[in-house]
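Data first, discussion second: the structure below is written as structure tokens.
The values are calculated or read from the model by the stated rules, or taken from the named source; none is laboratory data. Bear in mind the structure is a predicted one, so any value in this text is a computation, not a measurement. Because the Cβ atoms are built from the backbone with ideal geometry, glycine has one as well, and the counts that use them run over all protein chains shown. SASA here: full protein model, heavy atoms, side chains in, ligands and nucleic acids out. Shrake-Rupley method; radii C 1.70, N 1.55, O 1.52, S 1.80 Å.
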Amino acid sequence: MLDSARRLLTPSLRSDVPPFMVMDVMAAAARIEAAGGRVIHMEVGQPAASAPSTAIAAARAALGGRIAYTEALGIPSLRKRIARHYGDAYGIAVDPGRIVITTGSSAGFILAFLALFETGERIALASPGYPPYRHILTALGCEPVLIETGPETRWEITGAQLLAAHRAKPLQGVLVASPANPTGTMIKPDVLKELIETAEGAGIRFISDEIYHGLDYAFPAVTAAQLSPSAVVINSFSKYFCMTGWRIGWIVMPEPLVRPVERLQQNLAISVPTLAQIAAEAAFDGAAEMEEIKHGYEENRRILIEGLPKDGLDKFLPVDGAFYLYADVSRFSNDSFVFAQRMLEEAGVAATPGVDFDPTRGHHFVRFCYAGSAAEMHEAVERIGTWLGRM
Ligand SMILES: Cc1ncc(COP(=O)(O)O)c(C=O)c1O
């Protein structure tokens, strides 16, 4: 091919982000199922349940009318309802004017990173961590700076680690999630407070991914919005409200940054899907249903915490929140990708290898998602036990 013709078809360097390995596990599981096998799905981080019935009813009713664009920042009544949620859940007043509706928290990250950072700026992230943080930052021309966490800091970034990284080369931001993916760990409220104070004291912007709020078992999560008016809080209807496919989330933005985000959203997306916004507002009326589902996760968590050690998987991180258990499989394998592949093929249990989440130590870990049914959890424990017993 001619050089000029080849250039037309060459992707940009910024688009060269790694794939999400969990998708490969999903594809392998689908192949087994297509051939008649049965797989217990613990690889994908999403609830098995549907959206609250209130959300579905509201969406059905809205379908009879016109589905038009909304304001770029979102439907005002939804923004107000989310602000009210901060009063109900955390006892704090948040101005609805600070709420920005987004297409899932995923679009919230894009908008927030664009509004906060210049290209080349450096943002600290915990490792292990959710891979798209670093891939979105890279695609936007920013530099993710991975800070390794471990048992000695309860798998949290500490103020001391942050300052050490900042001294080595200045940071402009830090992003933290609690409860976190893949670890399922949570940051203690006093540690979070200290981390925000350390970050902001050093001029480092603080972003809090609160997508797993509501799914806390060890202790109640606190929102960064109650600790600092400058913190950027990102949240979503995907997990607690079981609305992954509706693609609806929100940001609590510091007031001076709302207008820049509004301008970005106007240009990048016009507005967020209207039907999903209408459903999301009604989702708050279905909280009782969601609490039932949360109790199911608590039971699943208990089944795994009690059952996996009997299988031989007795080393895992504190199972504080979200619906993840991050297990150390190094007793059985030095390659969690191969471990997960064999567990899928030989035991029919799909889980995600840690390498997706932690490039350096992830080969020792596997993430189990326990958002399925209790019967599946019991069966998974039994299958893994039989399989590991044969190893
Ligand atoms: C920690 C974390 N943040 C953000 C997201 C993105 O979710 P959504 O775009 O559906 O809100 C996920 C999805 O799995 C996640 O685990």
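Worth a mention:
- Of all residues in segment 50-64, exactly one satisfies the criterion of being under 30 Å from V366 (Cα atoms) and open to solvent by less than 40 Å² (accessible area, probe 1.4 Å), namely A51.
- All of (1) part of a loop (DSSP other than H, G, I, E, B); (2) open to solvent by less than 30 Å² (accessible area, probe 1.4 Å); (3) within 30 Å of F337 (Cα to Cα) hold for A28 with one exception: (1).
- Any hit, segment 307-323, residues being closer than 29 Å to A221 by Cβ, in contact with a Gly (Cβ under 9 Å, 6 or more places away or on another chain) and among the basic types (K, R): no
- Hey, V329 β-branched (V, I, T), open to solvent by 30 Å² or more (accessible area, probe 1.4 Å), without any contact (Cβ under 8 Å) to a residue 60 or more places away in the chain and under 27 Å from E33 (Cα atoms) or not: no
- A single member of I67, I110 is under 21 Å from the mean Cα position of the chain (by Cα), open to solvent by 60 Å² or more (accessible area, probe 1.4 Å) and more than 20 Å from E289 (Cα to Cα), and it is I110.
- Test: residue in segment 127-142 that is among the β-branched types (V, I, T) and within 16 Å of the ligand (Cβ to nearest atom): yes
- R79 being at pLDDT 95 or above, within 22 Å of the chain's Cα centre (by Cα), within 27 Å of G214 (Cα to Cα) and surrounded by 13 or more Cβ atoms within 10 Å (Cβ to Cβ): yes
- Every residue from segment 110-138 that is aromatic (F, W, Y) and within 13 Å of R205 (Cβ to Cβ): F113, F117
- Matching residues in segment 285-309 - criterion: being more than 20 Å from the chain's Cα centre (by Cα), closer than 16 Å to L215 by Cβ and open to solvent by less than 20 Å² (accessible area, probe 1.4 Å): G286, L304
- Residue-level check: of (1) modelled with pLDDT under 95; (2) farther than 22 Å from V39 by Cβ; (3) aromatic (F, W, Y), F337 misses just (2).
- Members of segment 225-269 found to be free of Cβ contacts under 8 Å to residues at least 40 places away in the same chain, among the aliphatic types (A, V, I, L, M) and either open to solvent by 30 Å² or more (accessible area, probe 1.4 Å) or part of a helix (DSSP H, G or I) (or both), listed by number: L227
- Residue within segment 4-23 that is part of a helix (DSSP H, G or I), at pLDDT below 95 and buried (at least 17 other Cβ atoms within 10 Å of the Cβ) present: yes
- Whichever residue in segment 90-100 is out of contact with any Ser or Thr (no Cβ under 8 Å at 6 or more places or on another chain) and of a type in the set (A, V, I, L, M, F, W, C) and, among such residues, is surrounded by the most Cβ atoms within 10 Å (Cβ to Cβ): V100
- Of the criteria (1) within 16 Å of the ligand (Cβ to nearest atom); (2) of a type outside the set (S, T, Y); (3) out of contact with any strand residue (DSSP E or B) (no Cβ under 9 Å at 6 or more places or on another chain), which one G307 fails: (1)
- Contact map, segment 80-106: first residue more than 16 Å from the ligand (Cβ to nearest atom), second residue of a type in the set (S, T, N, Q) and open to solvent by less than 40 Å² (accessible area, probe 1.4 Å), Cβ cut-off under 6 Å, separation 6 or more or different chains; pairs are Y90/T223.
- Any hit, segment 341-351, residues being at pLDDT below 95 and among the β-branched types (V, I, T): no
- Boolean, R38 is part of a loop (DSSP other than H, G, I, E, B), surrounded by fewer than 19 Cβ atoms within 10 Å (Cβ to Cβ) and in contact (Cβ under 8 Å) with a residue 60 or more places away in the chain: yes
- Subset of segment 177-217 (residues that are open to solvent by less than 10 Å² (accessible area, probe 1.4 Å), assigned to a strand (DSSP E or B) and touching a residue at least 40 places away in the same chain (Cβ under 8 Å)): I207, D209
- Subset of segment 107-117 [in contact with a Cys (Cβ under 9 Å, 6 or more places away or on another chain) and either without any contact (Cβ under 8 Å) to a residue 40 or more places away in the chain or within 16 Å of the ligand (Cβ to nearest atom) (or both)]: F113
- Of the criteria (1) buried (at least 20 other Cβ atoms within 10 Å of the Cβ); (2) in contact (Cβ under 8 Å) with a residue 24 or more places away in the chain, which one R122 fails: (1)
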